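The values are calculated or read from the model by the stated rules, or taken from the named source; none is laboratory data. As the structure is a prediction and not an experimental result, all values here were calculated from the model. Cβ coordinates were reconstructed from backbone atoms using ideal geometry, including for glycine residues, and neighbour counts include every protein chain displayed.
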Amino acid sequence: MLITPAQLVDEPLKLDESIPAEAIDYAPDIRQIGSLTLKGQAELIVEHRGPKDFVEDIRLRASFAGEFEQLCARCLEPVREPLRGTFDLIFRPGGVDAEAGERAITEDETEIGYYEESGLLLEDAVREQVLLTLPGRTLCREDCKGLCPHCGVNRNITACACVEKPVDPRLSVLAGISVVTKS
């Protein structure tokens, strides 16, 4: 769905969308299961920069809910992930802030996205928000044994007869290092 400033001049655009599973390509290891519901609104914010200089920003506020499937980081089995999120974003016409040379930006400017001359594609904004909401790493279970690095069998399903190669003695000093991860 393309959202243009012209659509928003008189009143905000109410959004009550059901985005089908194959409408957005998220990433090779992420798949949407069923439709994704999106409710919210898009509104026009006119920023006055001078007597005859103004910028038409699009503010997009919405909530979404759906179910996704990601691959386990260890065994590559699909893991279902119910997902809910909300966002409040500002989009500005592309190129309106372009200046020659380098310049510092304010913290507020880091929160601004840009849309093409034709308008803002809703699916692009939704894709970005879904990817930001999904966990960076998913496991099918905490004790997932993963894949055998030699034969590739899923160790959760089948025990393999592969022999572990001895560790290079030069790397043995790394054995005592513990890794702390956040869940």
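Return the pairs, sorted by first residue and then second, in which the second residue is loosely packed, with under 15 Cβ neighbours inside 10 Å, the first residue lies in segment 35-46 and is in contact (Cβ under 8 Å) with a residue 60 or more places away in the chain, the beta carbons are less than 7 Å apart, and the residues are 6+ apart or on different chains.
These pairs meet every condition: 42/12.
Could you tell me whether any residue of segment 123-134 is surrounded by 10 or more Cβ atoms within 10 Å (Cβ to Cβ), farther than 22 Å from residue 27 by Cα and not small (Gly, Ala, Ser)?
No, every residue in segment 123-134 fails to be surrounded by 10 or more Cβ atoms within 10 Å (Cβ to Cβ), farther than 22 Å from residue 27 by Cα and not small (Gly, Ala, Ser).
Only one of 74, 61 is among the basic types (Lys, Arg) and outside any strand (DSSP E or B); which? Steps first, please.
Numbers: 61 fails: outside any strand (DSSP E or B).
Every option except 74 fails the conditions.
Within segment 58-96, which residues are touching a residue at least 40 places away in the same chain (Cβ under 8 Å) and of a type in the set (Asp, Glu)?
Within segment 58-96, 77, 81 qualify.
Go through segment 6-29 and report how many residues are under 25 Å from the mean Cα position of the chain (by Cα) and either among the small types (Gly, Ala, Ser) or assigned to a helix (DSSP H, G or I) (or both).
4
Only residues in segment 2-27 that are aromatic (Phe, Trp, Tyr) count as the first member; pair them with residues that are surrounded by 15 or more Cβ atoms within 10 Å (Cβ to Cβ) and modelled with pLDDT of 90 or more, Cβ under 9 angstrom, at least 6 apart or cross-chain, and list the lot.
Cβ pairs passing all conditions: 26/32; 26/68; 26/127; 26/130; 26/134.
Answer yes or no as to whether residue 142 is in a loop (DSSP other than H, G, I, E, B), among the acidic types (Asp, Glu) and at pLDDT 90 or above.
yes
Within segment 30-56, how many residues turn out to be part of a strand (DSSP E or B) and at pLDDT below 90?
Filtering segment 30-56 down to residues part of a strand (DSSP E or B) leaves 30-48, 54-56.
Pick out the ones that are also at pLDDT below 90 and you get 45-48, 54-56.
So the answer is 7.
When the residues of segment 24-40 are filtered to those that are of a type in the set (A, V, I, L, M) and touching a strand residue (DSSP E or B) at 6+ places or on another chain (Cβ under 8 Å), which remaining residue is farthest from residue 124 (Cα to Cα)?
Step one: filter segment 24-40 for residues of a type in the set (A, V, I, L, M), giving 24, 27, 30, 33, 36, 38.
Filter once more, keeping what is touching a strand residue (DSSP E or B) at 6+ places or on another chain (Cβ under 8 Å): 24, 30, 33, 36, 38.
On the way: 24: 8, 30: 15, 33: 18, 36: 14, 38: 13 Å.
Looking at residues that are of a type in the set (A, V, I, L, M) and touching a strand residue (DSSP E or B) at 6+ places or on another chain (Cβ under 8 Å), I get 33.
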